[in-house]
Amino acid sequence: MKKVTLLVIALLGWFALTAQLYLIIINRTAGVYETIIRYFSFYTILTNILVTICATALIVNPRTRFLTKTTTLTAIMVYITIVGLVYNIILRQLWNPTGLQKTVDELLHTVIPVLFIFYWFVWVSFQKLEWNNIFSWLIYPFIYIIIILARGAISGYYPYPFIDVIKLGYGNVLLNSCVLLIVFLLFSLFAVFIAKKRHRAQRHL
């Protein structure tokens, strides 16, 4: 069942990522090169790539040292959970995709996050997870925000409305970014809390 779950995550991930690249290119409003850069500027895409590579690597080599670490898998779980939360709470109502785009959206923002959370909760060992692990997990979202703001200052393109400096100004965007990082921090704390409770329960079985 563990390997089946990873296989489903990997297959759905590669399909959704490839289909989204195809869709963004055929519906592009800029050149192909710029469109591809924009594709990789979405946190959703980058994080789903991370999840898909992780699932694929664990299928090919279940003893992959870095990817089998509890801290790595928990960090990835936090990242993909934020994808689902932000989209379904904030962004879903902003547009109404149809056809293949709707399928891809649901896979990237709901199905794959839920499947990876399930995998993490059921099969990841939590014995080496500590509270101080969470600070290193904030590096990825922090660097992402810095790069997106830097590139946006040059290109004028921002992948998400809540970090659109042109419309909101730097003050509001920095505030939104701080709120987002706090959400990452709080959810990371919650993940460690759940992990520790589950580990204690496993020890008493």
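The values are calculated or read from the model by the stated rules, or taken from the named source; none is laboratory data. Note that the structure is predicted; figures quoted are calculated from it, not measured. Reconstructed Cβ throughout: ideal geometry from the backbone, glycine too, with neighbour counts over all protein chains shown. For the accessible areas, the whole protein counts, side chains as well, though only heavy atoms, and no ligand, DNA or RNA atoms are used. Shrake-Rupley method; radii C 1.70, N 1.55, O 1.52, S 1.80 Å.
Summed over all non-identical Cα pairs, the Kirkwood treatment of the range 84-205 gives a radius of 16.9 Å. Taking every protein chain into account, the 1.4 Å probe leaves V32 with about 70 Å² of accessible area, to the nearest ten.
A simple count of charges around T110, restricted to other residues whose Cβ falls under 12 Å of its Cβ and scoring Lys, Arg +1 and Asp, Glu -1, yields 0. Placing +1 on the Cβ of every Lys and Arg and -1 on the Cβ of every Asp and Glu, with no other charges, gives the chain a dipole of roughly 780 debye about its Cα centre.
For the range 21-27, backbone phi angles converted through the Karplus equation (6.51, -1.76, 1.60; θ = phi - 60°) give residue-by-residue couplings of 4, 4, 5, 5, 6, 6, 9 Hz, Gly and Pro being listed as x.
The stretch between I117 and I49, if pulled fully straight at 0.36 nm per residue, gains 22.9 nm over its current Cα-Cα span. Here the Karplus curve 6.51 cos²θ - 1.76 cosθ + 1.60, taken at θ = phi - 60°, turns the phi angles of the range 77-83 into couplings of 4, 4, 4, 6, 5, 4, 3 Hz, with x standing for Gly and Pro. The modelled label-to-label distance for the pair I89/L21, using points 7 Å beyond Cα in the direction of Cβ, is 3.1 nm.
The convex hull of the Cα atoms of the range 43-117, projected and averaged over all directions, covers 5.1 nm². The average projected area of the chain, computed from the convex hull of its Cα atoms over all directions, is 12.3 nm².
Among A153, C54, L85, whose Cα projects farthest towards the positive end of the dipole of the chain, with charges put on the beta-carbon of Lys, Arg (+1) and Asp, Glu (-1)? Farthest along the dipole direction, towards plus: C54. For K196, the aspartates and glutamates whose Cα comes closer than 16 Å to its Cα, not counting residues fewer than 8 places off in the same chain, are E130.
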